[in-house]
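Below: one structure, written as structure tokens.
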Amino acid sequence: MTGEFYVSYTSICRSAAKTERRRKDAMKKRKLGKAGLEVGPLAFGCNVFGWTVDEPTAFALLDAFAASGCNLIDTADSYSRWVAGNIGGESETMIGNWLKRSGNRSKVLIATKVGSQAGHNRKGLSKTHILRSAEDSLRRLKTDAIDLYQSHYDDPDVPVEETLEAYAQLIKEGKVKAIGASNFSAERLAQSLQIAERLGLPVYQSLQPKYNLYDRVDYESQLEPLCREKGLGVITYSSLASGFLTGKYRSGKDLSKSIRGQGIRLYLNQRGSRILNALDQVAKQYHSAPSSVALAWIMARPGVTAPIASATSVEQLNELLAATSLELDHASLELLNKASA
């Protein structure tokens, strides 16, 4: 019995050590563009702060995320303005309060955005708006510098040069370390990169596109080739298709499970069902959750730096973090690719 127990105990220890090594390897940082920023394989999206997540829960989530070894926290100055009684900036404020309380500023990278509707007559990418918004974000975040400052949406009414000159000033003043773009078309992103290079202005180091197993065409057809050619980092948003890829929503009856449910209706079709079935199959094979598999699929995509995902509980967050140590084999990737084609 003693020998059998020893063998069993040794096997358990070896298995645990192997899992821990795999977790540490998975947490190896990836370069985000060419600005010297290195991020973990999963980014935490804070669009839910001030909406479906209150401050105590936000603190618990950020504590758990920082403890995991991942480090990129993504927000925007407009989060979560859409909630009745909010004015915008609630998410940044919660993050700032956490940074002050936890002392974890050196352990994380803060990515925020400017350009979407952040208040009455406050949107766009004019130099005046960017400079004022940066000061407001720094104040709410309770930090001296934003690691990644992103253009939330393209602004065709403002010359690209003016936008980049604003970023140049902020970088020179030490208030921003690197800049990125979000929701840009390939044409406008390429134009911005060309102008920046020609005029010696700051270059977008990353793109934040909508990308997941269901929403593939826009990114893969034009944006992906451009980002890989130019060496841009890619941090995807809506990585779980607003929660659809968790498997929580299978029919119209499930939409009432969340206040975000109605936005998922467009995924409830034959292709959506095919994708969920494939996720279920792979998840069963790996003894994992569909959400973990969906994120692992994105992480395996060449050129993607990290998917962004949100959680409203530590339990949900742990499920997402499990994706960082989930390495899908070729057959699983092909099954998911075929189902979502």
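The values are calculated or read from the model by the stated rules, or taken from the named source; none is laboratory data. Nothing here was measured: the structure is a model prediction, and the numbers come from that model. With ideal geometry, Cβ positions are generated from the backbone for all residues, glycine too; neighbour counts draw on all protein chains shown. In case anyone asks, the SASA skips ligands and DNA or RNA and just uses the protein heavy atoms, side chains included. Shrake-Rupley method; radii C 1.70, N 1.55, O 1.52, S 1.80 Å.
Miscellaneous remarks
- Principal axis dimensions, largest first and in whole angstrom, of the range 52-198 by Cα: 44, 34, 27
- Accessible area in square angstrom per residue, the chain, 1.4 angstrom probe: 47 Å²
- Ser80 long-range amide H proximity, modeled H, under 5 Å: Gly88, Gly89, Glu90, Ser91
- Gap separating the Cα centres of the range 147-202 and the range 285-341, nearest whole Å: 31 Å
- Greater than 23 Å apart at Cα, pairs in Lys142/Lys210; Lys100/Lys210; Lys31/Lys230; Lys31/Lys123: Lys142/Lys210; Lys100/Lys210; Lys31/Lys123
- Taking a straight Cα-Cα cut-off under 19 Å and skipping sequence neighbours fewer than 8 places away in the same chain, the lysines within cross-link reach of Lys29 are Lys107, Lys177.
- Within the accessible area of the chain (1.4 Å probe), percent carbon and sulfur: 51 percent
- Phi to ³J(HN,Hα) by Karplus 6.51 cos²θ - 1.76 cosθ + 1.60 over the range 196-208, Hz, x for Gly, Pro: 4, 5, 5, 9, x, 9, x, 9, 4, 9, 8, 10, 10
- Couplings for the range 301-308, taken from phi via the Karplus curve 6.51 cos²θ - 1.76 cosθ + 1.60 with θ = phi - 60°, read 6, x, x, 7, 7, 6, x, 9 Hz in order; Gly and Pro are left as x.
- Here the simple spin-label model places points 7 Å from the Cα toward Cβ, and for Ser273 and Glu220 these points are separated by 2.2 nm.
- Cβ-based charge dipole, the chain, positive-most Cα from Ala339, Gln191, Ile264: Ala339
- Bridge type composition, the range 86-240 - antiparallel percent by DSSP, nearest 5: 5 percent
- Dipole in debye (nearest 20) - the chain, about Cα centre, beta carbon charges: Lys, Arg +1; Asp, Glu -1: 480 debye
- Its DSSP H runs of at least 4 residues, each contributing -39,500 (n - 2.57), put the calculated 222 nm mean residue ellipticity of the chain at -13500 deg cm²/dmol, to the nearest 500.
- Comparing mean-square fluctuations of Tyr79, Tyr167, Tyr153 from a GNM of the chain with C-alpha springs under 10 Å, the top value falls on Tyr153.
- Karplus (6.51, -1.76, 1.60) ³J(HN,Hα), θ = phi - 60°, over the range 141-156, in Hz, Gly and Pro reported as x: 7, 6, 9, 8, 8, 9, 5, 9, 9, 10, 6, 5, 9, 4, 10, x
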